[in-house]
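The values are calculated or read from the model by the stated rules, or taken from the named source; none is laboratory data. On a predicted model such as this, the values are computed, not experimentally measured, just so you know. Please note: Cβ atoms are built from the backbone with ideal geometry, for glycine as well, and neighbour counts cover all protein chains shown. Just the protein is used for accessible areas: all its heavy atoms, side chains included, with ligands, DNA and RNA removed. Shrake-Rupley method; radii C 1.70, N 1.55, O 1.52, S 1.80 Å.
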Amino acid sequence: MLSFLIARQTGVDEPVRLRRAESTRRVLSLELNHDRDVECIHGNGINTIDIEVIEGRYMLSGGSDGVIVIYDLENNSKKPHYTCKAVCTVGRSSRYVHKFSVETVQWYPHDTGMFVSSSFDKTMKVWDTETLKPAEVFQFEGNVYCHHMSPIARKHGLIAVGTKDPKVQLCDLKSGSRIHILQGHRGEVLSVKWSPRYEHILATASTDSRVRVWDVRRASGSLFTLDQHNGDKSKASSESVNTAHDGRVNGLCFTDDGLYLLTAGTDDRMRLWNSATGENTLVNYGKVVNESRKGVKFTVSRGCSPEFVFVPCGSSVAMYGLHTGELVTMLRGHYNNVDCCEFHPDYQELYSGGKDCNILAWVPVLRHPDTEDEGADSRQLFSTFFTLWTALD
């Protein structure tokens, strides 16, 4: 680390290299934090969590009991052992609470004054954070499995919604109405994700084993359908032509730069795709157990080199190398199946929620330098500095 510091100070390396190196070290040392608890509010399993990007301080959670909770992640007590308290709750006593399981919650990307939730009660609600009352309610004909707002959009306020209906619904926040449908899937839509690179590009996943990528400005069909065999008909059976997986596709996640798209399916496979061309990169992650009949919420690290993927896997969270497919570690701590996880890029932390009604915090281990190693690093630092000083003189 000292060599990174001196290289940054002398201008040999860009500052981003030190930041990536330390972020990567921190992510590789993640372990369950026994000094930080998240207040237990939900009476049933936790399906979804989301951390706002404005301050990186508040976290939303939605549970199978229909309850929505907002937590403050900041340590206000300044003590080593503390509990992340619930700031406010849309509980069973509220007249506005969802009647059935909440499947997705998401902060409005540009302001913490609003968030959106969707549920098996066939509704999606746009909430005012201050009053905890719905400012808008969208009603659908079937269960709502997922929704997503673009993290970068400035020219539109569209929310993509996946329901029991094969048609993907586009709802407009500005007008408060459903303005468009995307037709192409033949089964329930279990996951939808906007590209973090291009605000009009949308990926959708369905029980028909297909993943479609759309440009929502186009009146015609999808741009392309992901093909696990990359167009090689000799490797594909007649049933698996132009399919992303051999089972239901119930998970989608773009990398932070939007260049790659990850998909998860009930064939116990996870695949990495080039989001521009739709090409399967053929990274082998091995068997990724996935028995969920609903959406799987997994996440990718940000600011690391290389990047990592965190995937719920039974009662653990599996951590893989994004481009190598190597299983780095299994994060164990839950007593029942894990349903969702969310990466906190500001502190390189991970939060996970499961059917045991708990939200766990996984944090980097603090560095404990060895005295001998510290002396060796100092000598190496002096040697590096002297060499650079001589060269610059």
Signed unit charges on C-beta, dipole axis of the chain, positive-most listed residue P109, V328, Q348: P109
Each residue of segment 332-337 in turn: what ³J(HN,Hα) in whole Hz from Karplus with 6.51, -1.76, 1.60 and θ = phi - 60°, glycine and Pro shown as x? 10, x, 6, 9, 8, 4
Counting only residues 5 or more apart in sequence or on a different chain, those whose built amide H sits under 5 Å from that of C146 are G162
Got a sec? What order do T104, T277, T329 fall in by accessible area at 1.4 Å, biggest, i.e. largest, first? T277, T329, T104
What is the set of long-range amide H partners of E31 at a cut-off below 5 Å, with H atoms built 1.01 Å from backbone N? V363, V365
For F308, enumerate residues with amide H under 5 Å from its amide H, sequence gap 5+ or separate chain, H modeled in the peptide plane. S301, L322
Using a simple spin-label model with points 7 Å from Cα along the Cα→Cβ vector, what separation in nm is obtained for C40 and E74? 2.8 nm
Using 28 Å as the Cα-Cα cut-off, could you pick out the over-long pairs in K85/K125; K79/K297; K78/K125; K125/K297; K85/K122; K125/K164? K79/K297; K78/K125; K85/K122
Taking Cα pairs under 8 Å and at least six residues apart, what relative contact order does segment 206-297 come out at, in percent? 23 percent
Summing -39500 (n - 2.57) over the DSSP H runs of n ≥ 4 in the chain and dividing by its residue number, what mean residue ellipticity at 222 nm do you reach, to the nearest 500 deg cm²/dmol? -3500 deg cm²/dmol
Determine the per residue accessible area of the chain with all protein chains present and a 1.4 angstrom probe, expressed in square angstrom. 48 Å²
What FRET efficiency do you get for D128 and S175 if R0 is 30 Å and r is their Cβ-Cβ distance, rounded to the nearest 0.05? 0.95
With all protein chains present, how much of the accessible area of segment 248-297 (probe radius 1.4 Å) comes from carbon and sulfur, to the nearest whole percent? 44 percent
Could you size up the charge dipole of the chain around its Cα centre, putting +1 on the beta carbon of Lys and Arg and -1 on that of Asp and Glu, and report it in debye to the nearest 20? 1140 debye
Using each residue's phi in segment 280-291, evaluate 6.51 cos²θ - 1.76 cosθ + 1.60 at θ = phi - 60° and report the 3J(HN,Hα) Karplus result to the nearest Hz, with x for Gly and Pro. 6, 6, 6, 5, 9, 8, x, 7, 10, 4, 8, 10
Which of rounded, prolate, oblate describes segment 225-347, given a ≥ b ≥ c as roots of the alpha-carbon gyration tensor eigenvalues and a/c under 1.5 marking rounded, otherwise prolate only if a/b is larger than b/c? oblate
Got a number for carbon plus sulfur as a percent of segment 120-184's accessible area, 1.4 Å probe? 46 percent
Antiparallel DSSP beta bridges within the chain, as percent of all bridges there, nearest 5: 95 percent
M330 accessible area, assembled protein chains, probe 1.4 Å, Å²: 50 Å²
Exposure of T123 as accessible area (Å², to 10), given a probe of 1.4 Å and all protein chains: 10 Å²
Run the quick spin-label model on M330 and K287: label points 7 Å from Cα toward the beta carbon, then report their separation in nm to one decimal. 1.1 nm
State the antiparallel share, in %, of DSSP beta bridges confined to segment 11-125, rounding to the nearest 5. 90 percent
